[in-house]
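S.K.: Here it is: the structure, laid out below.
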Amino acid sequence: MLREVAGIRYVTPLREGGSVPGVVEADDYGTYVVKFTGAAQGRKALIAEVIAGELGRRLELRVPELVRFDFDPVIALGEPDEEIQDLLKASGGLNLGMDFLPGALGFDPLVFGVDPLEASRVVWFDALIGNVDRSWRNPNMLVWHRNVWLIDHGASLIWHHNWKSAAAASAKPYDASDHALARFSPEPAAVAAELAAKVTDELLTEVTALVPDEWLLDEPGFDTPDDVRRAYRELLGARALDIHRRITTGLRQEKQPPPEWLRPWVEGKNAT
Ligand SMILES: Nc1ncnc2c1ncn2[C@@H]1O[C@H](COP(=O)(O)OP(=O)(O)OP(=O)(O)O)[C@@H](O)[C@H]1O
Ligand SMILES: [Mg+2]
């Protein structure tokens with residue numbers, strides 16, 4: 001099971017996140033980014049965070065620790081925004097917490113370099129989980145203590161929104177030409193054998209067991225939470241074997257940000 005903590009002080013909403021996560025202090029003296037069950041993205045986003053995040057960590061990628069986060073809306077009565085109040089009130093009980101990285105900066109591919117091996121590993125991982133949310137426009141990576149950390153996997157595993165067509169959806173190619181690390185010459189096929197060998201049924205069993213039963217109950221077409229876990233396991237296990245053959249890499253020039261020196265012109269500041 002994921003470690004469990006309880007919130008003791010709601011600090012602030014993170015308005016830059018579409019689901020408006022909160023920064024909340026907990027009874028272990030830690031500070032966490034909390035993704036709320038009451039958010040419009042729903043519990044599937046939290047399932048994706050747990051499975052993708054824990055899988056990533058086991059592939060030795062940097063992902064902040066995830067915890068089960070017990071949230072009592074009473075601690076946030078001081079939050080003045082009514083919409084956020086509604087979100088918090090709808091999220092009493094079990095939520096998902098992620099260790100807050102203090103002072104972390106949003107990753108900018110023009111400012112921070114990543115070596116090709118690390119870029120290859122991250123792109124292969126994102127292909128495995130079908131992550132469409134790591135483009136240079138919205139990298140969902142933080143730079144903390146000079147290292148890149150991966151966050152926000154809520155939009156991955158999108159095939160779990162329709163299990164009937166999941167196999168077909170997961171067999172589609174993965175386009176990495178827009179990826180935040182595309183400019184660092186990733187070669188996911190070169191790391192595929194090493195990484196795929198780690199994605200064993202045992203590892204997937206361990207990772208899916210970390211998803212709370214509460215979030216897997218009542219899934220149409222499945223009798224028990226363990227049946228749903230098995231579906232995630234089978235799909236990811238199969239995908240690990242051959243996803244590298246379906247990844248498109250290479251910069252899509254017109255979609256990449258301009259080099260630093262060209263920016264004032266592109267943005268029209270020095271236009272004559
Ligand atoms: N562990 C963390 N430590 C520090 N800051 C974080 C952490 N997790 C998230 N943040 C900050 O909060 C922002 C929103 O987080 P995140 O992207 O996970 O939320 P989201 O609601 O899923 O967003 P999106 O709009 O991308 O779907 C991030 O861009 C980052 O600035
Ligand atoms: Mg985000």
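The values are calculated or read from the model by the stated rules, or taken from the named source; none is laboratory data. From a predicted model like this one, the values you see are computed outputs, not experimental measurements. When we count neighbours, we look across all protein chains shown, and the Cβ atoms used for this are built from the backbone with ideal geometry, even at glycine.
S.K.: Name the residues in region 68-109 that are under 24 Å from the mean Cα position of the chain (by Cα), of a type in the set (A, V, I, L, M) and surrounded by fewer than 20 Cβ atoms within 10 Å (Cβ to Cβ), would you?
M.R.: ILE84, ALA90, LEU94, LEU101, ALA104, LEU105, listed by residue number.
Here is a yes/no grid of residues against (1) over 21 Å from the mean Cα position of the chain (by Cα); (2) at positive phi; (3) not in a helix (DSSP H, G or I):
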site: GLY7; (1), (2), (3): yes, no, yes
site: GLU16; (1), (2), (3): no, no, yes
site: VAL24; (1), (2), (3): no, no, yes
site: ASP28; (1), (2), (3): yes, no, yes
site: VAL33; (1), (2), (3): no, no, yes
site: ALA40; (1), (2), (3): no, no, yes
site: LYS44; (1), (2), (3): no, no, no
site: ILE47; (1), (2), (3): no, no, no
site: VAL50; (1), (2), (3): no, no, no
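S.K.: Filter region 162-208 for residues that are assigned to a loop (DSSP other than H, G, I, E, B) and surrounded by 19 or more Cβ atoms within 10 Å (Cβ to Cβ) and give the result.
M.R.: Matches in region 162-208: ALA176, ALA180, LEU181, PRO186, VAL199.
S.K.: For region 112-129, does any single residue satisfy the condition of being more than 27 Å from LYS172 (Cα to Cα), hydrophobic (A, V, I, L, M, F, W, C) and either surrounded by 22 or more Cβ atoms within 10 Å (Cβ to Cβ) or more than 14 Å from ligand 2 (Cβ to nearest atom) (or both)?
M.R.: Yes, region 112-129 contains a residue that is more than 27 Å from LYS172 (Cα to Cα), hydrophobic (A, V, I, L, M, F, W, C) and either surrounded by 22 or more Cβ atoms within 10 Å (Cβ to Cβ) or more than 14 Å from ligand 2 (Cβ to nearest atom) (or both).
S.K.: Still on this structure, I have one more. Mind checking whether some residue in region 89-96 is assigned to a helix (DSSP H, G or I) and assigned by TED's automatic domain parsing to the domain that holds ASP152?
M.R.: Within region 89-96 (the criterion being assigned to a helix (DSSP H, G or I) and assigned by TED's automatic domain parsing to the domain that holds ASP152), the answer is no, since none of the residues qualifies.
S.K.: Can you run down the residue pairs with Cβ atoms below 6 Å, 6 or more apart or on separate chains, where the first is in region 131-144 and at positive phi and the partner is more than 9 Å from ligand 1 (Cβ to nearest atom)?
M.R.: That search, which allows pairs on different chains as well, returns ASN140/ARG134.
S.K.: Does ILE8 satisfy the criteria of being crowded, with 22+ Cβ neighbours inside 10 Å, more than 12 Å from ligand 1 (Cβ to nearest atom) and among the aliphatic types (A, V, I, L, M)?
M.R.: no
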